[in-house]
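Just so you know, all these numbers are worked out from the coordinates, no wet-lab data involved. This one's a predicted model, so the numbers in the text were calculated from it and none came from an experiment. Virtual Cβ from ideal backbone geometry, glycine too; neighbours counted across all protein chains shown.
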Amino acid sequence: MRPTTPKDIAASLTEFWSPRVIAEVDDTFIKVAKVQGSFTWHSHDHEDELFMILKGHLRIEIENAEAVELSEGQIYVVPKGVRHNPIAENECHIMLIERKSTLHTGTTITDKTRSLEEQLRPMET
């Protein structure tokens, strides 16, 4: 493992809503993604999900609750079992901290769903 800069790695990504694993800590993956538009309503039944904004602004719609607005440098944890839908009006770069068991879109499958294998593929240099 070499020192990394999550902000730079996220900026280098070419696909939206396609997180990439950049580090592992015990049973947790550290991921970055470039996002824009609306993702999909989903939940993670057994895992919390931490969002950190590296660049831009993200709104996380929460089922039966007020949406959460996040700006650069802010973090928010979506508790396990809570249905949510991340939305970025403009390009936004995020870091995610999730258990290794966390499925990208929970049990909801869409064209934006990425397998763990896709998230672990080597970064282009």
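Points worth noting:
- Extended-chain gain in nm, criterion 0.36 nm per residue less alpha-carbon gap, K7 and R99: 31.0 nm
- Gain upon complete extension [E117, H46; 0.36 nm per residue less C-alpha separation]: 23.5 nm
- Highest to lowest packing among 41-47, 16-22, 76-82, 92-98, scored as the average C-beta count within 10 Å: 92-98, 16-22, 41-47, 76-82
- Antiparallel bridges, percent of DSSP beta bridges restricted to the stretch 6-120 (to nearest 5): 95 percent
- Distance between modelled label sites at I109 and N64, nm, 7 Å Cα→Cβ extension: 2.7 nm
- Point-to-point label distance, A23-Q74, nm (Cα→Cβ direction, 7 Å offset): 2.4 nm
- For the chain, averaging the sequence separation of C-alpha pairs within contact (under 8 Å, six or more residues apart) and dividing by the residue count gives a relative contact order of 31 percent.
- Residue among L103, T14, T113 farthest towards the positive dipole end of the stretch 6-120, charges placed on Cβ: T14
- Net charge of Cβ neighbours under 14 Å - reference N90; Lys, Arg +1; Asp, Glu -1: -1
- Computed about the Cα centre, the dipole magnitude for the chain is approximately 260 debye when only Lys and Arg (+1) and Asp and Glu (-1) carry charge, each at its Cβ.
- Evaluated with a Cβ-only charge set (Lys, Arg +1; Asp, Glu -1), the stretch 45-91 carries a dipole of roughly 60 debye about its Cα centre, given to the nearest 20.
- A simple spin-label model places pseudo-atoms 7 Å from Cα toward Cβ; at T14 and N85 they are separated by 3.0 nm.
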